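Some notes on the structure that comes next.
Every number here is computed from the coordinates shown, using simple stated rules; none is lab data. The shown structure was predicted, so the numbers you read here are calculated from the model rather than taken from an experiment. Neighbour counts are summed over all protein chains in view; Cβ atoms, including those assigned to glycine, are modelled from backbone coordinates with ideal geometry.
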């Protein structure tokens with residue numbers, strides 16, 4: 001697999017003509033957005049002034065007009081950047097993924113199946129709305145891997161019967177074949193309780209979590225500090241989480257710097273990285289040639305696809321060969 | 001009067017909870033030991049095969065091979081205690097380790113597919129055993145903690161629970177492989 005610096009080179013050299021054209025489009029969109037935005041603000045201010053005079057500033061109609069303007073603005077924004085986003089994915093992200101491994105398939109509109117997301121057992125809440133994009137599938141060194149952006153939400157009703165949407169998870173979700181056989185379920189979550197309450201009370205709180213399987217305490221203090229592990233087979237959990245595997249997961253956590261959720265179910269590893277945003281979307285207000293921006297695309301892809309090497313999932317046990 | 005009843009009730013409740021948690025921990029230890037036993041048995045099943053296949057090649061290691069066979073026979077005896085099993089496992093692991101190291105010096109052995117196959121399954125079982133040992137050690141530590149810590153120690157004393165032994169890494173496992181020793185072999 002190509003290194004990060006090779007990919008950065010590829011981004012600036014091979015993709016330069018596409019980037020330059022896209023950059024022109026981006027600049028045009030920004031100036032159009034500024035023009036529409038300015039106009040919108042003027043119209044909104046006039047409308048507000050007129051309504052404030054006739055109905056008072058805190059009239060319900062005022063609220064409706066504000067919401068209407070916000071909705072109109074977001075629709076306009078999406079409509080104007082849609083074509084640009086599609087172009088960007090076709091001309092930048094697709095070749096970039098191809099450069100990492102030519103056999104990887106990429107579909108910007110598709111997502112990882114909801115079944116796999118639910119199978120991971122990472123999020124116990126029921127899901128009412130499931131969406132995503134930027135689906136990548138393929139195999140690295142003989143290890144099957146697939147991932148995409150995922151946005152899972154659930155719905156609640158308050159006392160007045162209004163529905164509210166809550167995000168259960170937003171970020172990158174990845175499923176890969178694991179290199180060992182196992183029958184049990186093992187779930188690794190970021191350790192909130194021990195961080196906020198200390199190891200004694202936090203540990204006790206973790207052990208009485210009824211929605212999860214049994215708490216599994218592992219013999220790596222550093223790992224225990226960052227994660228909490230639940231599973232239904234204490235022996236298999238340790239078979240999967242060998243000392244070296246715990247070390248590699250810790251290193252990966254340090255690299256991604258977002259909440260990391262990992263589960264081992266059905267001979268597969270499921271990884272959810274809670275980035276909280278949609279990845280692989282084109283920058284609108286910063287230049288595509290900006291180094292930081294470029295590094296974000298390159299690093300996200302490299303780290304995600306590189307997970308197979310990072311966790312040594314390609315080093316299969318002989319009986320799985 | 002009611003206050004006394006409430007206090008007695010709370011004390012009984014605490015005693016019951018303590019008793020149940022100790023029993024739960026004790027059973028967990030036994031449960032996991034059964035898992036350890038299962039993987040150890042897997043290894044026992046492999047040993048006769050391994051010994052039979054390498055015997056012809058490894059003239060110099062005859063005594064080690066005999067030791068492995070003897071240890072296996074001893075560990076397979078019915079009615080030995082868990083602590084004895086743990087001690088025998090440590091010896092067997094060390095002996096098997098030295099065979100693995102010695103095998104490196106025999107190119108004929110490494111060319112033998114059957115032996116390599118056995119070797120790889122042994123490695124896989126070795127990893128399962130290590131996982132089982134770690135799980136057992138954790139459950140024993142939980143139990144031992146409860147037995148020694150206040151106030152569960154009072155209950156444990158009354159229940160006649162005693163500390164259990166954990167699997168220790170043998171000295172041979174801890175030592176690094178002596179590479180120069182390997183190369184100087186005849």
Handout entry: Euclidean distance between Cα centres, segment B:44-71 to segment A:166-245, Å
Key = 40 Å
Completion exercise
Between the modelled labels at residue A:1 and residue B:158 (7 Å from Cα along Cα→Cβ) the distance in nm is 5.8 nm
Practice task
Over 14 Å, how big is the tail of the calculated P(r) for segment B:1-60, in percent of all Cα pairs?
Solution key: 75 percent
Completion exercise
Taking 0.36 nm per residue of separation between residue A:222 and residue A:73 and subtracting their Cα-Cα distance, the length gained on full extension comes to 48.9 nm
Practice task
Give me the compactness ratio for the protein assembly as shown, meaning the Cα radius of gyration over 2.2 N^0.38 Å.
Solution key: 1.31
Problem - Degrees separating the helix A:243-256 axis from the principal Cα axis of chain A, which is the longest one - result: 10 degrees
Practice task
Set the Förster distance to 41 Å, then compute FRET efficiency between residue A:46 and residue A:165 from the Cβ-Cβ distance, nearest 0.05.
Solution key: 0.80
Fill in the blank from the handout: In whole percent, the Cα-Cα distances of segment A:10-118 spread across 10 Å bins from 0 upward as 12, 27, 23, 19, 13, 6, 0
Problem - Degrees between helix A:60-88 axis and first principal axis of chain A (Cα, 0 to 90, nearest 10) - result: 60 degrees
Practice task
Taking only Cα atoms and a 10 Å spring cutoff, compute GNM fluctuations for chain A and point out the largest among A:165, A:50, A:204.
Solution key: A:50
Fill in the blank from the handout: Rounded to the nearest 500, the 222 nm mean residue ellipticity computed for chain B from DSSP H runs (n ≥ 4, each -39500 (n - 2.57)) alone is -27500 deg cm²/dmol
Fill in the blank from the handout: Taking r as the C-beta separation of residue B:100 and residue A:127 and R0 as 35 Å, the FRET efficiency to the nearest 0.05 is 0.10
Problem - Cα-Cα pairs of segment A:231-305 separated by more than 22 Å (percent) - result: 39 percent
Problem - Among B:45, B:37, B:89, residue whose mean-square fluctuation peaks in a GNM of chain B (springs only between Cα atoms under 10 Å) - result: B:45
Completion exercise
The whole-number value in µm²/s of the Stokes-Einstein translational diffusion coefficient for segment A:13-69, with Rh from the Kirkwood sum over alpha carbon pairs at 25 °C and 0.890 mPa s, is 176 µm²/s
Problem - Rg(Cα)/(2.2 N^0.38 Å) for segment B:2-183, N = residue count - result: 1.41
Practice task
Along each of the three principal axes of the Cα atoms of segment A:131-216, give the extent in whole Å, ordering the values from largest to smallest.
Solution key: 48, 39, 23
Practice task
Would you look at the GNM of chain A, springs on alpha carbons closer than 10 Å, and say which of A:157, A:129, A:119 moves the most?
Solution key: A:157
Handout entry: Using alpha-carbon coordinates, inclination of helix B:62-76 to the longest axis of chain B, degrees
Key = 30 degrees
